[in-house]
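> Please see the structure below; I have some questions.
The values are calculated or read from the model by the stated rules, or taken from the named source; none is laboratory data. Computed from a prediction, not measured in an experiment: that's the story for all the values here. Every residue, glycine as well, gets a Cβ built from its backbone with ideal geometry; the counts of neighbours run over all protein chains shown.
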Amino acid sequence: MKISCNVIRDVLPLYVENMASQDTRDLVEEHIVSCENCKKQLEEMRTFEEPPVDTDIAPLKNIQNTLRRKKLQTIILSVMVTMVLAVVTMAYLTTPEYISYNENAVSIIEKDDGTVLLNFSEEVSGFNVEQYPAADNSGYVYDITTWETIWNQEISKNNLENTVLNPNGEAVASIYYYNTDGSENTLIYGDPITDGSVMTLPRLVLSYYVLFAIGFSMICGIGLVIFRKNEKIRNGLERIILVPISYVFAHFLIKGLHSATYLAGRDFYLILLVAISLYFTLLAGRNIFKKLSFKKPERTL
Ligand SMILES: [Zn+2]
């Protein structure tokens, strides 16, 4: 029986996969001895069955890497967002609510050995003391302010009773309680240092930082416009501009619209913490956004 080429072609796939019976194998082998076309077909199928391994896996590897990177970015993004939320919540809970002067907030105890003790009431969560020499060299002048926080009211009470004001035995000339509401400071111990009133001004240092950050992002923005055609510079600038932008956002998250602070140190560290988290969040967001916009045609010329 003469077997047609078509029948051989039908069973060739099975033959290549080693799934044909011995009879079929014999038929195929017998046929290709005399049929050059089917022999060619078989060889083609064999080379197709065994493709070069690494070139075929490379795209898969790329997809795997992309997925891994995406997963990592998502993890970083969620960690950073959680960080920002946690810090902002902490900042809110520990925001000092300044206590205006009242008899109960702080009382002064003078001991025989010259030390002066400050006794704070339970409502006081924290206090700040500024010390400077009196003009007439009679000793030091102290400015005290106190505050309460939601954290201390609701979660853990502070024990601030009996804090020593002059641990090294400095002469205490006068102690003022400074009111943060803009009213005059109250003399609570010693002699008045001036005829006029004493007022403590909040530090404005944080406002300068914000202004600097805004100015810096504007310069980067101008750079972005100028170098919009230069991909390398543009990429670098995009990363840099996120630094001041993060700082400004962090400032408003921590401080709201008020820049004046009596606790510049605390506020600044909180802002930095949020700014760093925000920076990496924005960076990850930018990368994801970039990848999405890659789908658009790159060259529009
Ligand atoms: Zn044939």
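> Quick check on this structure: which one of V225, V198, V141 is part of a loop (DSSP other than H, G, I, E, B) and either at negative phi or at pLDDT below 80 (or both)? Quick ask: steps written out before the conclusion?
Details: V225 fails: part of a loop (DSSP other than H, G, I, E, B); V141 fails: part of a loop (DSSP other than H, G, I, E, B).
V198 is the lone residue from the list that is part of a loop (DSSP other than H, G, I, E, B) and either at negative phi or at pLDDT below 80 (or both).
> Select, from I8, I63, I99, the only residue that is more than 16 Å from the ligand (Cβ to nearest atom) and over 30 Å from F252 (Cβ atoms). Steps first, please.
Working: I8 fails: more than 16 Å from the ligand (Cβ to nearest atom); I99 fails: over 30 Å from F252 (Cβ atoms).
Within the list I8, I63, I99, the selection yields I63.
> Which numbered condition in (1) more than 30 Å from N162 (Cα to Cα); (2) without any contact (Cβ under 8 Å) to a residue 12 or more places away in the chain is the only one that M80 fails?
Among (1) more than 30 Å from N162 (Cα to Cα); (2) without any contact (Cβ under 8 Å) to a residue 12 or more places away in the chain, the lone unmet condition for M80 is (2).
> If you scan the range 122-138, which residues turn out to be out of contact with any helix residue (DSSP H, G or I) (no Cβ under 6 Å at 6 or more places or on another chain) and either in a strand (DSSP E or B) or under 17 Å from R266 (Cβ atoms) (or both)? Working first, answer last.
Kept after step one, since they are out of contact with any helix residue (DSSP H, G or I) (no Cβ under 6 Å at 6 or more places or on another chain), are these residues of the range 122-138: 122-124, 126-138.
The answer is V124, G126, F127, N128, V129, E130, Q131, Y132, P133.
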